[in-house]
Amino acid sequence: MTVKKQNDSGQAMVEFALTLWIFLLIIFFIIDFGWVAYQRTSFEYGYIHSSWAISADDLGDKDPLDEDPSEASYSGTLVSDALSDELDERSPGIIAANMTITNAKAELYNKPETYKVPGRTGDAIEAVSRTRYMDLSADFSYVIRPITPIGKMFFKEEITVEKELERTRVVRTQHRSE
């Protein structure tokens, strides 16, 4: 038979009180670390894919690739809104109010290339390939705010992730032979 001493009755309560704050600190840190990592990864993924997914049609460019040189320049909210829309679509975890896109520019231009192809009579005939390129540039800034006071203690009030976009991509290609 076990005899319980009177002074042992509060021991479990004292141990619980001493370890509870450490346990809560660890849990809140894990929650905030996961949140910050998720937000950063979503932003990185959306940033990359928005630059791939934006098209000339999103900017209102309808060049038929008939002329060389043919150049068009777009900037400001037209380009930044198109990038923002693509980023929102690609990364549902992004908080749109925490993102800013500045210095957004899109330069579109045609570049011809001539080459020889076999003709019907066996003679080589000249063919033209025109490619429309887009030089896309923008500065992205995304603010991540921890969600618990413990996260704010470890990660600061906010974490700003900045990316500079500089991409050249093919928008459209056309091949013609006479």
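The values are calculated or read from the model by the stated rules, or taken from the named source; none is laboratory data. Please read these numbers as outputs of a predicted model, since none were measured by experiment. Virtual Cβ from ideal backbone geometry, glycine too; neighbours counted across all protein chains shown. The protein model used for the area step is the full one, side chains on, heavy atoms only, and it has no ligands, DNA or RNA in it. Shrake-Rupley method; radii C 1.70, N 1.55, O 1.52, S 1.80 Å.
Observations on the model:
- Heavy atoms of E86: accessible area, 1.4 Å probe, square angstrom to 10: 30
- For segment 108-135, the residues whose amide N sits under 19 Å from a probe point set 7 Å from the Cα of S70 along the beta carbon direction are 108-115, 127-135.
- Relative to the longest principal axis of the Cα atoms of the chain, the long axis of helix 11-53 makes an angle of roughly 0 degrees.
- For E166 and W52, the difference between the fully extended length at 0.36 nm per residue and the C-alpha to C-alpha distance is 39.9 nm.
- Extension gain for R176-D139 works out to 9.6 nm (0.36 nm per residue, less the C-alpha to C-alpha distance).
- Order of exposure, largest accessible area first, which applies to R169, R176, R132 with probe 1.4 Å: R176, R169, R132
- Residues M99, M153, ordered by accessible area of protein heavy atoms at a 1.4 angstrom probe radius and largest first, appear as M153, M99.
- Carbon + sulfur, % of accessible area of the chain - ligands and nucleic acids excluded, 1.4 Å: 56
- Accessible area per residue for the chain is 65 Å², calculated with a 1.4 Å probe on protein heavy atoms, without ligands, DNA or RNA.
- Segment E113-W21, extension gain: residue separation times 0.36 nm, minus the distance between their alpha carbons: 26.2 nm
- Dipole in debye (nearest 20) - segment 1-150, about Cα centre, beta carbon charges: Lys, Arg +1; Asp, Glu -1: 1040
- The residue among A97, P112, S55 whose Cα reaches farthest toward the positive pole of the charge dipole of the chain, with charges on the beta-carbon of Lys, Arg, Asp and Glu, is A97.
- Candidates V14, V143, V79: whichever shows maximal mean-square fluctuation once the chain is modelled as a Gaussian network with Cα springs under 10 Å: V14
- Between I31, I125, I54, the residue with the greatest mean-square fluctuation in the GNM of the chain (Cα pairs under 10 Å linked by springs) is I125.
- A prolate overall shape is assigned to the chain, the ratio a/c of its alpha-carbon gyration tensor axes (a ≥ b ≥ c) being 1.5 or greater and a/b exceeding b/c.
- Probe 1.4 Å - accessible area at T41, Å² to nearest ten: 90
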